[in-house]
Amino acid sequence: MLRMMVAPAVVAVIMSSGWCADMDDLRESVEWLRTERLRGTLYHDPSIEPMPRIPLQSAEASGRRGAPQAVTLAGWHHLVVLPDEGRIRLRLRDVPTDAHFEGSIWAVFDPAGNQLQQGEVQSGEEALIEVPAEGDEPHVVVLNRGPASNSVAEVTVLSRHWSIDGKPRRAYNRTPLHYHFLRDLKLGGFNVALVDFERLEQEFMTDEGLEAWTDLVRGWTDYAEQQQFRVMPTFNIGGSDREVEAWGDAPKGLYIEPDPDLPLAPCPVQRVFWERLFLRRAKAIARLSLENPYVVGIGLDPEMYRCWQYGHYMLSGTCFCDHCMGGFLEAEDLETDVLEDLETGKERHEWLQQQELMGQYYDYLAEEMTEIAQWCRDEVHAINPDLLLNMFVIDIGNWFCEGIARGFSRLDLPVVNFCEHTYYSVGYDPEWLAKVHERYRQWGANVLQGSALWDLHFPATEARFMPAHAYNLAINDEGWWYWPGDQLYRDYGARYAYLDQPAYFEQYWDGCVWANREIERKTEEPEYQSPLAEWEVVPWKGQIKRGVIEAEPDVLRRQSEPSLPVRVAEPATLYFVVPERCERFEVIVQARGEGNGGAVIVRDPAGHACANERGEMDRPERLEVEVTGPGVWSVEVRAEEGLTLHDVGLRFETLPTMLSPEPAALLAPETKKPGLIGHWPMDEGEGRAVADVSQPPPYNGRMRDAEWGEGILGSCLCFDGTAGRVDIAAEYSYHNLRRFTLSAWVKLAGLPEQGNGNSIVNKGPEAPVQHFWWWIGYPPEHTLILEMGSEEHQYGAGFASDPLEWELGRWYHVAAVFECDGERSTVTHYRDGEMVGEQTRDEVFHTGAYDMKIGSYHGANHWMNGCIDEVKLWDRGLSAGEVRAEYERVRQ
């Protein structure tokens, strides 16, 4: 363990004498790089999926509604509102705070996720908001997301039925509401975003595929134009399966230590490689930019995550093939016969070292790369000569980076760097930056240095850690990136404590807003003396190993705290529905900050207190509630003497909670009736939708990386053993079941291997708690296994069948019946209607509250190698005769 016990010195910074990038000769289209400075972010997952249907029903708890009741909320919330007379109506009053973003922001989205209207209520003011609705289905009102995550607003919903959505906010992250993140960035003072499309599950080598890929990108660029916010669509050259497929028959490289388990990367200085991986998509973006002035550039990430060691900016990504090394030998007037004797990349590398030619070889490759980069630049600029090119990690400084930097840049159009030196807690470091700029000058490259600040290394708990570094990178150097930008739309709670201070989601937004506003003021008022001009080296600088900071606990420690989807800022009573199937639930409460707190009391429908917590509650407290009966319950948040109640957070576990201060207005999640609660026949035969036909409300699935095939009945889904799954965003009907039955038809294309079982259905990970995993196990037994979890048995307990033999290519009916009586748990396995094993444990298990997957373990491992059809789930244990009847229903 490395120790950092000495307090770092505070340094007063003055304006530097000059930049590396040529700011005086910038063409007009990119003048903003000088006048505004680069203030950007990179985020990696811009995938957009359809807005899920929100199955809700009126709670009808107390008859007619009285006067609309107000509730005061801190930060980001989702309100689900049913239209009245074709309108969404609410009143919003901003409550002034000391946060750097003043005022409250809102946006209204229709049931498909399309933005209808957005607006801002200035600090201390009040506004009546009326928005024409689209249909009668639930609309979503988003309050104070992004830079307003510290804002406080008094909300009075005037529409008749509405609730606060108490689900974790990630439920909305991949829906069309995600586009709204660009408005968040603009309001937060950012001026550009690198939107990384690496993860799009869309091929682009056919004309049809490229058109579809471009349409996915266009969704973001169209929204950027609406918000008048700059974007640089970004992609990789080997970061996804689709990109590896696009290599096709491009000439392969010859590397020092090729990994037989990784795809062999093409030679990096072959034009066909760049034509396929870069130009094909770059030209599509260039054409988009002609229609949309807010598409200002193209980003390229050279990291090759699907074949990691071939990142060409690393030594292991240096190619020694006949094309590269043969060209070098000819250019140096050296005999090429040596290539016949040196067959491997390692041998050729060692020969060049022995001949003391490695320096010349790197120079040669840099020139080759320069020519290719110039060719790519000219091809793109033939479409739009003003388009910026952004390249990641140019600062690393090898032949690949040098060639790209020189070839991509022009005198009046610098190549923009996304610098990852942030991994080492560098931040604003004048000495380090001076060396980087000098290297660019030696290359003869015009590079604009954009330095990233990783939130894990630069918390916003104190100004000197993130805002001051961001300010100085922009004012005294050339700009800053926040990374990873994904964390600015994922409320992850707190992951670490820095010098005993946890860093929360909303603090990062506050730090970004402050830094960007100070940058704007300094660029507009050169004489202004910003309080952020003094920066400090972070205490953990350089204390890092494999991406993890190493420091003493009093400097830095892990502090995992959950996000809080509901944050009450003034005393309130909120009502919610506990459905019939529920036996117990939990409420996590927390009042962050010194002197903040109160009392939280959970009451049943009769008004009896079932659980409570009082005091400061600075750390999360877990209230365990035993259910006395279904109906409309309440949670009261009230003040306590000696404390100031200004932000009490609530998170409901194992319960799909919708809350409202008005029981008559309350909406509740619609739940399935007892019986067959899930049936996915997989009979679509095309597309990605996988329908649940059991009963309302449907919990439909979304297929990824699987293929349609001929099933035991109709069509089925087939998986290749390396990827593919069906995601099912399950609600309460599947949560915490202590008795259930699963059944499916499976046809194996290959038997499970050690370390990669054939998953049938999965519901959550092994940890922290609560999951089930139904799978075919490792050799030699190849048993059916139902693995269950609980709060007490966090990493799962397996209930296995007898050893089984499987015939490849044959359909089998499999079933697992789980029964828990509150003391013991029993699993009975069936295959083709016959019992093949039964096990009992003296432990209590349940299904937990995670989403479900078909065909993989938690969506990331243990892939099914074969086909799955007719998946069913009951909320009771079927008898042996009923299981037999399920098998015979199809076979006969």
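Can you list, largest first and rounded to whole Å, the semi-axes you get for segment 69-158 by taking the square root of 5 times each eigenvalue of its Cα gyration tensor?
Working: eigenvalues 102, 33, 20 Å².
So the equivalent ellipsoid measures 23, 13, 10 Å along its semi-axes.
Show me the three semi-axes of the equivalent ellipsoid for segment 747-892, from the C-alpha gyration tensor (sqrt of 5 times each eigenvalue), largest first, rounded to whole Å.
22, 19, 14
Compute for the chain: radius of gyration divided by Kirkwood radius, i.e. Rg/Rh, restricted to C-alpha atoms, rounded to two decimals.
Details: Rg = 29.4 Å, Rh = 29.9 Å.
That ratio is 0.98, to two decimals.
Find the centroid of the Cα atoms in segment 842-879 and in segment 672-687, then give the distance between the two in whole Å.
Result: 14 Å between the Cα centres.
Pop a pseudo-label 7 angstrom from the Cα along the beta-carbon direction at both His323 and Ala67 and give the gap in nm to one decimal.
Computed distance between label sites His323 and Ala67 equals 7.7 nm.
In whole Hz, with x marking every Gly and Pro, tabulate ³J(HN,Hα) for segment 428-439 from phi via Karplus 6.51 cos²θ - 1.76 cosθ + 1.60, θ = phi - 60°.
7, 9, x, 5, 5, 5, 4, 5, 5, 4, 5, 5
Over all directions, what mean area does the Cα convex hull of segment 571-637 project, stated in square nanometres? Provide the component values of the computation, followed by the final result.
Working: hull surface 16.7 nm².
Quarter of the Cα hull surface area: 4.2 nm².
Volume per residue, Å³, of the convex hull around the alpha-carbon atoms of segment 491-599? Could the numbers behind the result be given before it?
Working: hull volume 23.2 nm³, N = 109.
Once divided by residue count, the hull of segment 491-599 is 213 Å³.
Out of the total accessible area of segment 753-815 (probe 1.4 Å, heavy atoms of protein only), what percent is carbon and sulfur? Don't skip to the answer; put the middle values down first.
Details: 1150 of 2350 Å².
Ligands and nucleic acids excluded, carbon and sulfur reach 49 percent.
Do you know the relative contact order of the chain, to the nearest whole percent, from alpha carbon pairs under 8 angstrom that are 6+ apart? Walk me through the numbers on the way to the answer.
Numbers: 2230 pairs, mean separation 103.6, N = 892.
Value for the chain: 12 percent.
Where nothing but the Cβ of Lys and Arg (+1) and of Asp and Glu (-1) is charged, how large is the charge dipole of segment 582-655 around its Cα centre, in debye to the nearest 20? Could you put the intermediate results ahead of the total?
Details: 8 positive and 15 negative charges, 28 e Å.
The dipole magnitude comes to about 140 debye.
Going by Cα centres, segment 720-792 and segment 375-416 are how many Å apart?
Spelled out, the Cα-based centre of one part sits 47 Å from the other.
Taking R0 as 22 Å, what's the FRET efficiency between Arg521 and Asp24 from their Cβ-Cβ distance, rounded to 0.05? Don't jump to the answer; show the numbers that get you there.
Values: r = 23 Å, r/R0 = 1.05.
According to the calculation, E is roughly 0.40.
Which residues' amide hydrogens lie under 5 Å from the amide hydrogen of Trp535, considering only partners 5 or more residues apart or on another chain, with H built in the peptide plane?
Answer set, sorted by chain and number: Val11, Val13.
What is the extension gain from Gln57 to Asp842, computed as 0.36 nm multiplied by their sequence separation minus the C-alpha to C-alpha distance, in nm to one decimal?
On the way: separation 785, 0.36 × 785 = 282.60 nm, distance 3.90 nm.
Separation in residues times 0.36 nm, less the Cα-Cα distance, equals 278.7 nm.
Using the Cα centre of the chain as origin and beta-carbon charges of +1 (Lys, Arg) and -1 (Asp, Glu), tell me which of Ser29, Ser123, Thr671 is placed farthest towards the positive end of the dipole.
With unit charges placed on the Cβ atoms, the residue in question is Thr671.
Which of rounded, prolate, oblate describes segment 31-180, given a ≥ b ≥ c as roots of the alpha-carbon gyration tensor eigenvalues and a/c under 1.5 marking rounded, otherwise prolate only if a/b is larger than b/c? Working shown, then result.
Numbers: a/c = 2.12, a/b = 1.38, b/c = 1.54.
Since a/c reaches 1.5 but b/c is at least a/b, the shape of segment 31-180 is classed as oblate.
Which number comes out as Rg/Rh for segment 387-492 once both Rg and the Kirkwood Rh are worked out on C-alpha atoms?
Numbers: Rg = 14.1 Å, Rh = 14.2 Å.
Ratio value, two decimals: 0.99.
If r is the Cβ-Cβ distance from Asp412 to Asp215 and R0 is 41 Å, what FRET efficiency results, to the nearest 0.05? Don't jump to the answer; show the numbers that get you there.
Working: r = 33 Å, r/R0 = 0.80.
Once the sixth-power term is evaluated, E becomes 0.80.
Counting each DSSP H run of 4 or more residues in the chain as -39500 (n - 2.57), what helix-only mean residue ellipticity at 222 nm follows after dividing by all residues, to the nearest 500 deg cm²/dmol?
Details: 15 runs with 163 residues, N = 892.
Value at 222 nm, helices only, nearest 500: -5500 deg cm²/dmol.
Quick one: 3J(HN,Hα) in Hz for segment 96-109, Karplus 6.51/-1.76/1.60 with θ = phi - 60°, rounded, Gly and Pro as x.
Karplus values, whole Hz, x for Gly and Pro: x, 9, 9, 5, 6, 8, 9, x, 10, 10, 8, 7, 10, 10.
Which of the pairs Lys167/Lys522; Lys252/Lys283; Lys672/Lys853 have their Cα atoms more than 30 Å apart in this structure?
Lys167/Lys522
Give me the one-decimal Kirkwood hydrodynamic radius in Å for segment 801-875, with the sum taken over alpha-carbon pairs. Numbers along the way, then the final one.
Numbers: mean 1/r = 0.0686 Å⁻¹.
Result for segment 801-875, one decimal place: 14.6 Å.
Under a Cβ-only charge scheme (Lys and Arg +1, Asp and Glu -1), can you give me the dipole magnitude of the chain about the Cα centre, in debye to the nearest 20?
It comes to approximately 2300 debye.
For the chain, report the accessible area per residue in Å² (1.4 Å probe, heavy atoms, rounded to an integer).
Working: 34170 Å² over 892 residues.
Roughly 38 Å² per residue, with all protein chains present.
Please name whichever of Phe576, Thr722, Trp509 sits farthest to the positive end of the charge dipole of the chain, dipole taken about the Cα centre and charges placed at Cβ: Lys and Arg +1, Asp and Glu -1.
It is Phe576.
Taking the Cα centre of segment 157-257 as origin, work out the dipole magnitude from +1 charges on Lys and Arg Cβ and -1 charges on Asp and Glu Cβ, in debye rounded to 20. Could you put the intermediate results ahead of the total?
Working: 12 positive and 17 negative charges, 197 e Å.
The calculated dipole for segment 157-257 is roughly 940 debye.
Any idea of Trp351's accessible area? Nearest 10 Å², probe 1.4 Å.
50 Å²
Just the ratio, please: alpha-carbon radius of gyration of segment 641-739 over 2.2 N^0.38 Å, N its number of residues. Don't skip to the end; give the middle numbers.
On the way: Rg = 19.5 Å, N = 99, 2.2 N^0.38 = 12.6 Å.
Compared with the compact-globule rule of thumb, segment 641-739 sits at 1.55.
The values are calculated or read from the model by the stated rules, or taken from the named source; none is laboratory data. In this text, all values refer to a predicted model and were calculated from it rather than measured experimentally. Heads up, the Cβs are rebuilt from the backbone with ideal geometry, glycines too, and the neighbour counts pull from every protein chain shown. To get the accessible areas, we keep the full protein, side chains included, count just its heavy atoms, and leave off ligands, DNA and RNA. Shrake-Rupley method; radii C 1.70, N 1.55, O 1.52, S 1.80 Å.
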